[in-house]
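Worksheet for the structure shown next.
Read the figures in this text as sums done on the coordinates, not as results from a lab. These numbers come from a predicted model, not from an experiment. Here the Cβ positions follow ideal geometry from the backbone for every residue, glycine too, while neighbour counts run over all protein chains shown.
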Amino acid sequence: MISKKLSLTLFLWILIVLGMVGIRRYIMIPKEQARLLRDAMGNKPLADNELRKLAQFFVFQDPELTPRDRELAHWGRKLFFETGLSKNGKISCATCHKPELSFTDGKTTAQGLTQRDRNTPTIINSFSSFWFYWDGRTDSLAAQSLNPIEDEGEQGLTRSELAFWILNNSRSDYENLFGPFPKILEKALPFKARPLRERPQFSDGVVRNTMVSADNPKLLSEIGSNELTLSPQQIRQFRQKLRNQSPQKGDVLSVNYWRMNREQRFELDRVFSNVGLAFEAFEKGIVARDSAFDQFIRRWMQSSNPDPRVHFSEKFNFSEFLGFQIFLGKGACHVCHSGPYFKDNQFHNIGLPQSQAPFDLGRSLGVLTVKKDRFNCQGIFLKDSSRQKSESCRDLNFLDSETPEAIGSFKTPTLRNVAETAPYMRDGRLKTLREVLEHYNKMETHSGVGFREETLKPLNLSEHEIAALEDFLRSLSSRVEDLNL
Amino acid sequence: MSFGFFSSLGLAYEWRTPNFQISIKAAEKGAELFQLNRHTTWIVSLLPIEKQAGEVLDFTFDARMPQHNHGMVTKAKVIKISRLEYRVEGVRFHMPGNWLLQFLIKDKTGTTRIETPLNIDNK
């Protein structure tokens with residue numbers, strides 16, 4: 001009897017101790033961190049050891065690359081620089097994503113076969129992204145990389161031309177990776193064939209919400225109303241002012257595609273998506289991870305001395321550290337530019353006016369597009385267990401394009417190598433880092449459409465503080481590495 | 001009000017309104033109820049306290065961040081699974097900070113609106 005009581009007591013004690021370990025792991029640390037964040041955002045000066053706790057969440061984590069990734073990346077790298085994958089034979093992925101410019105192009109907006117209306121984002125550290133493009137219209141690097149090839153304003157190649165190019169120029173590479181090239185395509189492949197990329201239409205609700213939120217009286221006067229109640233005709237008129245809402249007609253290329261039989265279409269799409277897998281493997285390995293900031297963080301984390309000054313270097317000194325404090329504190333930049341990749345994989349309306357029609361609704365369009373994307377994580381070509389388990393893939397079933405917060409929201413860009421990727425913002429309207437910081441410092445603009453996030457208030461930083469923040473952002477630059485090499 | 005302690009232990013969270021006792025638990029065994037950037041499915045139980053409350057006619061859920069002027073990036077789906085239980089799918093708190101959980105319970109006596117603050121830690 002006694003031994004039973006003893007063993008029960010012992011068992012209970014073990015449970016209590018295990019419970020306390022669990023509580024400490026799962027509750028105490030996040031709460032402590034949350035308190036520190038709140039204190040920092042409330043401008044309460046933090047002690048060195050407290051700052052160090054916050055800083056540990058900025059430690060870079062490398063991508064997981066498998067031997068298969070490395071094999072695919074070898075071909076993906078070749079394709080990335082291949083100008084033969086374009087209508088005029090002059091454009092490759094690297095035309096806009098130049099390695100020497102941290103995989104951007106230095107232009108206000110991208111220039112493919114035609115001038116595009118958005119700034120080229122970098123691809124560095126894109127392994128850590130959930131969504132791609134400024135509006136998140138694709139949910140994987142593989143799906144993203146397929147769009148420019150067929151986009152008539154970018155590379156302008158058709159899906160069947162791509163297959164021909166592989167047959168004639170890179171067949172052995174393809175077959176080494178994916179097995180025999182489909183015989184059914186060799187026999188009968190139309191020279192130019194691709195499906196029409198469907199332009200998803202906004203619901204009347206989105207158009208109405210956009211009109212109501214449009215902070216542009218002239219725009220409202222053009223359609224003859226500043227009333228909140230809008231007629232179907234007014235909604236129809238306004239719809240024409242929105243990006244990607246003009247009527248779409250089928251063309252001979254899509255007719256060619258649909259003339260192929262089901263099996264041919266399937267195999268052609270399979271080849272196309274395999275190309276995406278190769279691009280994805282290559283781009284996953286492109287990282288920028290060893291900046292002056294990273295070196296400082298590593299020294300600081302690994303040392304028993306919490307005093308940051310001991311760990312300063314020539315490139316990360318008092319000014320950069322002050323900038324980091326402002327980033328975490330008064331600037332609260334980390335609320336969106338969070339974690340080691342300095343992005344939150346979310347979409348925000350930061351109040352930039354729309355420069356001109358057609359108005360770009362950002363995430364609203366992205367949500368509609370990614371849900372219909374044949375190459376999304378739920379489609380038959382790019383679904384695998386790891387993709388389907390991702391949070392972004394689970395999001396797909398619950399995304400809402402009508403929600404007002406999606407209207408005019410764009411993806412938070414990474415700040416890694418930000419000093420090398422000018423100009424800035426989704427349309428490249430701000431030429432320098434200083435202009436960006438001045439924008440957030442004054443916040444004089446209002447959203448063209450949608451609602452600017454309420455937390456975005458003028459920072460009211462001094463000239464000295466802006467300079468420090470800029471120094472900190474410059475300290476995030478590092479050599480771009482290809483981990484697949 | 002903080003839910004962190006209870007939810008991290010995988011326990012249901014409960015509270016009472018004049019007409020109903022509301023209980024939330026995670027549908028997946030061992031999953032945390034309130035976590036940053038993770039999809040969660042809840043089972044919400046609505047137990048009538050007052051006799052006049054009767055059957056729930058409609059139940060909706062939303063979560064907002066008043067300081068940010070936005071809500072979740074997902075639109076949660078509410079599915080009735082029994083007379084007193086609802087399955088809420090697609091709950092994802094995508095940002096750390098102060099959230100406001102909003103429940104609307106409609107019964108024959110009218111509509112009860114319940115708003116409960118929730119802080120999601122950055123972890």
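Quick look at the values:
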quantity	calculated
Some residue of the range B:12-20 being part of a strand (DSSP E or B), within 14 Å of chain A (Cβ to nearest Cβ) and more than 30 Å from A:A55 (Cβ to Cβ)	no
Failed item, numbered, when A:D395 is tested on (1) under 21 Å from the mean Cα position of the chain (by Cα); (2) crowded, with 20+ Cβ neighbours inside 10 Å; (3) assigned to a loop (DSSP other than H, G, I, E, B)	(3)
B:E28 being acidic (D, E), at the interface with chain A (Cβ under 10 Å from one of its Cβ atoms) and assigned to a loop (DSSP other than H, G, I, E, B)	no
Among (1) among the hydroxyl-bearing types (S, T, Y); (2) under 18 Å from the mean Cα position of the chain (by Cα); (3) outside any helix (DSSP H, G or I) - the single one A:S364 does not satisfy	(3)
Selection count where residues are at positive phi and either more than 14 Å from the chain's Cα centre (by Cα) or more than 13 Å from every other protein chain (Cβ to nearest Cβ) (or both), scope the range B:77-97	1
A:V367 being β-branched (V, I, T) and more than 10 Å from chain B (Cβ to nearest Cβ)	no
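Yes/no per residue for (1) crowded, with 17+ Cβ neighbours inside 10 Å; (2) within 14 Å of chain B (Cβ to nearest Cβ):
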| position | (1), (2) |
| --- | --- |
| A:L399 | yes, yes |
| A:R416 | yes, no |
| A:E420 | yes, no |
| A:T432 | no, no |
| A:H439 | yes, no |
| A:E444 | no, no |
